[in-house]
1. Which numbered condition in (1) surrounded by fewer than 20 Cβ atoms within 10 Å (Cβ to Cβ); (2) assigned to a loop (DSSP other than H, G, I, E, B); (3) in contact (Cβ under 8 Å) with a residue 60 or more places away in the chain is the only one that residue 292 fails?
2. Checking residue 84 against (1) more than 16 Å from the chain's Cα centre (by Cα); (2) touching a residue at least 60 places away in the same chain (Cβ under 8 Å), only one condition comes out false. Which one?
3. Kindly indicate whether any position in the stretch 296-303 is buried (at least 24 other Cβ atoms within 10 Å of the Cβ) and in a loop (DSSP other than H, G, I, E, B).
4. From the list 130, 134, which one is in contact with a strand residue (DSSP E or B) (Cβ under 7 Å, 6 or more places away or on another chain) and outside any helix (DSSP H, G or I)?
5. If I filter the stretch 428-442 for residues that are under 28 Å from residue 385 (Cβ atoms), touching a helix residue (DSSP H, G or I) at 6+ places or on another chain (Cβ under 7 Å), crowded, with 21+ Cβ neighbours inside 10 Å and in contact (Cβ under 8 Å) with a residue 12 or more places away in the chain, do I get at least one hit?
6. Looking at the stretch 332-359 only, could you name the residues that are within 20 Å of residue 391 (Cβ to Cβ) and out of contact with any helix residue (DSSP H, G or I) (no Cβ under 6 Å at 6 or more places or on another chain)?
């Protein structure tokens with residue numbers, strides 16, 4: 001059965017009380033009142049808990065994202081599921097923990113589709129509930145079934161996994177192919193200049209960053225030694241598609257335009273939009289309008305630019321009269337990283353800013369800053385503004401929206417936390433299994449986090465992030481020790497072992 005809005009949101013569904021003999025005008029009113037709200041999920045890329053003003057940042061200004069916090073709920077304990085992009089996004093859309101799928105790791109740009117088209121995803125479930133569904137931005141979940149021909153119809157992809165409309169980049173902005181794909185066709189492709197992509201070897205005559213560093217406008221710190229596009233060396237190799245290749249400086253504008261157009265075309269609703277920002281993922285290349293705007297270098301600049309894009313998108317909702325009938329969720333796919341392969345001086349220019357907030361770790365890690373991310377939910381007029389300690393995860397959006405729309409839960413690991421998302425309960429999940437993007441898991445249960453003993457190096461030197469790996473079991477009380485400085489496993493061995501058994 002559909003969720004009881006009267007209980008969860010305080011909305012008086014007067015239309016449900018109208019007798020069957022109501023007038024045509026009253027029937028129209030009843031349908032308008034009872035219609036499911038639009039849903040927008042805005043997902044940043046590599047944005048940290050401490051990167052936003054509403055979470056305590058003082059060196060970076062993010063007034064538009066902060067507006068979402070001011071008009072809705074700010075979650076102090078909101079999580080993605082994984083410390084890297086592909087597995088985290090897999091969980092968001094499927095409602096399944098990524099560590100259950102051994103292929104759910106960071107994918108190359110030519111990887112086959114990771115999501116099984118035969119399984120119902122969150123957008124597919126919403127389609128069954130009458131929603132028009134769209135994705136704009138970063139995909140990074142694979143395309144096709146192996147050897148993709150980028151010059152033909154590219155399938156399966158988003159359109160086979162629940163999206164009515166898709167305007168995407170195949171993987172990440174540092175990977176080939178550097179083109180946009182709209183509903184399974186490369187945008188702007190010239191048939192006389194076909195695209196070829198390889199992750200094994202370069203194509204003859206194509207310059208790479210490793211061989212021609214003098215051609216680069218952004219140097220390398222490690223990796224990213226492949227094909228040069230727009231003066232930036234990428235991961236992988238690409239030939240052709242000259243007219244279709246993107247210009248990094250205008251990517252945020254392109255995605256914003258497509259996101260605005262989607263909601264404008266579907267204003268009669270209901271619609272679901274997954275607006276997947278590419279920022280602040282590397283390479284960090286702000287438009288000229290935002291270069292130098294943050295005082296913290298390119299990473300800060302692209303966060304300011306992303307905040308602007310969110311603000312422009314919220315203005316479009318206002319202009320279309322959709323704000324009060326649209327739930328907006330804002331979060332990040334994983335925690336922050338400074339130096340992630342390009343010599344953009346991110347660590348040097350970061351100054352006293354703390355992208356990880358009060359926590360340790362970051363992207364790729366088992367420590368808290370890897371998956372403890374910004375998590376905001378706004379629905380003006382229906383969610384009372386405030387701050388909550390409810391434990392919630394992106395994996396739970398599938399079950400929560402399923403409850404809201406009266407559909408079966410499509411996610412085997414997804415739990416409905418709808419009451420918490422709408423601010424009607426201080427209680428969310430009781431436990432959550434998280435991973436580092438490479439299959440190593442930990443568990444959070446109430447205020448406790450347990451990391452099993454894992455061999456390995458304690459520091460990723462290339463990115464200067466603690467791994468969280470230790471030969472000893474780790475147990476932390478996150479509510480009183482968010483920085484994970486005091487390992488309590490020896491003081492509470494029974495609790496540590498009990499939690500360890502819970503994920504084995």
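1. Here residue 292 clears every test but (3).
2. Checking residue 84 against (1) more than 16 Å from the chain's Cα centre (by Cα); (2) touching a residue at least 60 places away in the same chain (Cβ under 8 Å), the one that fails is (1).
3. No, the stretch 296-303 has no match at all.
4. Numbers: 130 fails: in contact with a strand residue (DSSP E or B) (Cβ under 7 Å, 6 or more places away or on another chain).
It is 134.
5. Yes: one or more hits.
6. Taking the stretch 332-359 first, the residues within 20 Å of residue 391 (Cβ to Cβ) are 332-335, 356-359.
Result: 332, 358.
Condition check ((1) out of contact with any strand residue (DSSP E or B) (no Cβ under 9 Å at 6 or more places or on another chain); (2) at pLDDT below 95) across all residues:
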residue: 28; (1), (2): yes, yes
residue: 38; (1), (2): no, no
residue: 63; (1), (2): yes, no
residue: 68; (1), (2): no, no
residue: 75; (1), (2): no, no
residue: 97; (1), (2): no, no
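To keep it simple, each residue is scored yes or no on (1) under 17 Å from the mean Cα position of the chain (by Cα); (2) within 30 Å of residue 273 (Cα to Cα); (3) part of a loop (DSSP other than H, G, I, E, B).
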| position | (1), (2), (3) |
| --- | --- |
| 329 | yes, yes, no |
| 339 | no, no, yes |
| 353 | no, no, yes |
| 357 | no, yes, yes |
| 364 | yes, yes, yes |
| 376 | yes, yes, no |
| 382 | no, yes, yes |
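The values are calculated or read from the model by the stated rules, or taken from the named source; none is laboratory data. Quantities reported herein were computed from a predicted structural model and do not represent experimental measurements. All Cβ positions, glycine included, derive from the backbone under ideal geometry; neighbour counts span all protein chains shown.
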